[in-house]
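Inspection log for the structure reproduced underneath, given as structure tokens.
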Amino acid sequence: MSILIIGGTGFIGRRLVPLLAQRGEEIICMDINPGTANFADLGKQARVIRGDVSQFDDVMAAMVNAKPTRVINLAYFLGSEHAPHVATKLNIIGMDNCFEASRLAGVSRVAYASSLAVSGEQKFYGDRLVTEDDFRHGHVQYAMHKIFNEWQAQDYREKHGLDITAIRPANVTGPDKIVGSVDHVFCITTPARGKPVSFPFKDAMRCPVHVDEIAEIFARVIMTDKPKHMAYNTGGQAISLGDLADIVREFLPDAQITFEKETGGKELSGNYMIDNSRLVQEFGVQYRPYRERVLQIINDIRREEGLPLVSDR
Ligand SMILES: NC(=O)c1ccc[n+]([C@@H]2O[C@H](COP(=O)([O-])OP(=O)(O)OC[C@H]3O[C@@H](n4cnc5c(N)ncnc54)[C@H](O)[C@@H]3O)[C@@H](O)[C@H]2O)c1
């Protein structure tokens with residue numbers, strides 16, 4: 001089948017395209033930055049075209065060109081610092097363009113990235129796992145847009161019968177992550193380069209999940225004809241930055257990771273206790289141990305920097 005991935009040359013998309021190609025699918029990526037991924041080794045199975053998801057004509061032209069049977073939208077502004085007009089155009093109008101063009105092109109299977117950010121801070125729930133059915137307490141720009149996207153999807157489902165699935169990634173990690181939540185990434189990548197790094201709070205909590213796992217989840221979900229639910233939490237490894245620093249020091253004993261304060265970060269932390277049983281049960285997802293992923297990222301960076309690789313002790 002043919003799958004259109006909007007925003008497909010980004011951090012998650014670059015991993016997703018080869019996974020779908022391995023399954024024998026034909027992929028067309030539409031991205032405003034087409035040059036940030038190289039799929040040359042996939043030959044005719046992956047094509048990249050330039051297009052802006054906030055322009056309906058671009059999305060419709062990509063649909064006519066690709067004639068996809070399934071669509072994934074990953075194009076987004078990560079973070080909440082963006083000018084309202086600009087962010088609304090990409091995050092809200094862009095999502096509507098994707099859903100509306102899918103409808104007009106007769107595509108009924110669509111998946112897109114929501115986020116753990118819809119839940120807001122963990123303190124809203126106390127010390128318990130948060131499920132997809134919990135009230136969404138998110139309140140910053142990024143969270144509000146993701147919450148509204150989930151409502152847009154529900155509206156299209158109810159009024160037009162589109163089968164749209166939201167995947168809510170937790171704090172995605174990987175060597176090339178530079179936007180969104182990055183402290184848990186820099187806690188690994190900066191020491192891997194032999195440089196010092198400092199963070200405000202040792203007890204700040206995160207829920208990292210490796211980008212390879214997220215790409216695999218998108219592949220499994222989009223290949224499924226009728227997922228049982230509209231939204232899936234990916235969950236991940238709940239961990240404090242202090243404990244993550246300790247894992248990094250196991251591999252890099254000289255790592256210079258410092259914290260300005262021991263406490264004060266936990267109550268500010270986003271949702272980190274996440275129930276992903278829905279995803280695990282329906283899609284058989286099993287994550288590799290997080291410690292292994294930390295080592296993988298360290299060595300990805302060291303390879304890139306021409307530094308000696310590190311082995312597990
Ligand atoms: N990375 C994370 O930690 C994380 C966590 C939760 C949710 N998500 C969500 O996953 C999705 C993908 O995230 P990512 O980490 O791959 O981000 P990314 O920024 O690396 O990728 C997004 C892609 O969209 C493209 N894009 C931006 N504006 C566009 C436009 N107007 N038209 C077409 N393409 C455009 C970018 O060029 C980029 O290739 C986003 O919706 C993000 O909110 C990511």
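The values are calculated or read from the model by the stated rules, or taken from the named source; none is laboratory data. The model shown is predicted, which means the values in this text are computed figures rather than measured ones. Quick reminder, even Gly has a Cβ in these numbers, built from the backbone with ideal geometry, and neighbours come from all protein chains shown. For accessibility, only protein heavy atoms count, side chains too; no ligands or nucleic acids. Shrake-Rupley method; radii C 1.70, N 1.55, O 1.52, S 1.80 Å.
Key figures for this structure:
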quantity	calculated
Pick from segment 43-80, criterion out of contact with any strand residue (DSSP E or B) (no Cβ under 9 Å at 6 or more places or on another chain), crowded, with 16+ Cβ neighbours inside 10 Å and not polar (S, T, N, Q), ranking: farthest from residue 115 (Cα to Cα)	60
Residue 20 vs. criteria surrounded by 17 or more Cβ atoms within 10 Å (Cβ to Cβ) and more than 27 Å from residue 225 (Cα to Cα)	no
Verdict on residue 180 being within 15 Å of the ligand (Cβ to nearest atom), open to solvent by less than 50 Å² (accessible area, probe 1.4 Å) and under 20 Å from residue 241 (Cβ atoms)	yes
Any hit, segment 49-65, residues being away from the ligand (no atom under 14 Å from the Cβ) and more than 28 Å from residue 147 (Cα to Cα)	yes
Residue list for segment 106-144, restricted to those being of a type in the set (S, T, N, Q), in contact with a Phe, Trp or Tyr (Cβ under 8 Å, 6 or more places away or on another chain) and in a loop (DSSP other than H, G, I, E, B)	115
Failed item, numbered, when residue 145 is tested on (1) crowded, with 18+ Cβ neighbours inside 10 Å; (2) without any contact (Cβ under 8 Å) to a residue 40 or more places away in the chain	(2)
Some residue of segment 163-178 being part of a helix (DSSP H, G or I) and assigned by TED's automatic domain parsing to the domain that holds residue 61	no
Residue count for segment 92-115, restricted to those that are open to solvent by 30 Å² or more (accessible area, probe 1.4 Å) and at negative phi	7
Within segment 218-310, helices (runs of 4 or more DSSP H) holding 3 or more residues that are within 19 Å of the chain's Cα centre (by Cα) and modelled with pLDDT of 95 or more	277-283, 290-305
Per-region count, segment 2-43, residues on the phi > 0 side of the Ramachandran plot and either more than 7 Å from the ligand (Cβ to nearest atom) or outside the structural domain of residue 78 (by TED's automatic domain parsing) (or both)	2
Test: residue 135 is aromatic (Phe, Trp, Tyr), over 18 Å from residue 73 (Cα atoms), touching a helix residue (DSSP H, G or I) at 6+ places or on another chain (Cβ under 9 Å) and open to solvent by 60 Å² or more (accessible area, probe 1.4 Å)	yes
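Let's see how each residue does on (1) surrounded by 14 or more Cβ atoms within 10 Å (Cβ to Cβ); (2) of a type in the set (Asp, Glu); (3) within 29 Å of residue 121 (Cα to Cα):
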position: 251; (1), (2), (3): yes, no, no
position: 255; (1), (2), (3): yes, no, no
position: 259; (1), (2), (3): yes, no, yes
position: 269; (1), (2), (3): yes, no, yes
position: 274; (1), (2), (3): yes, no, yes
position: 293; (1), (2), (3): yes, no, yes
position: 311; (1), (2), (3): no, no, no
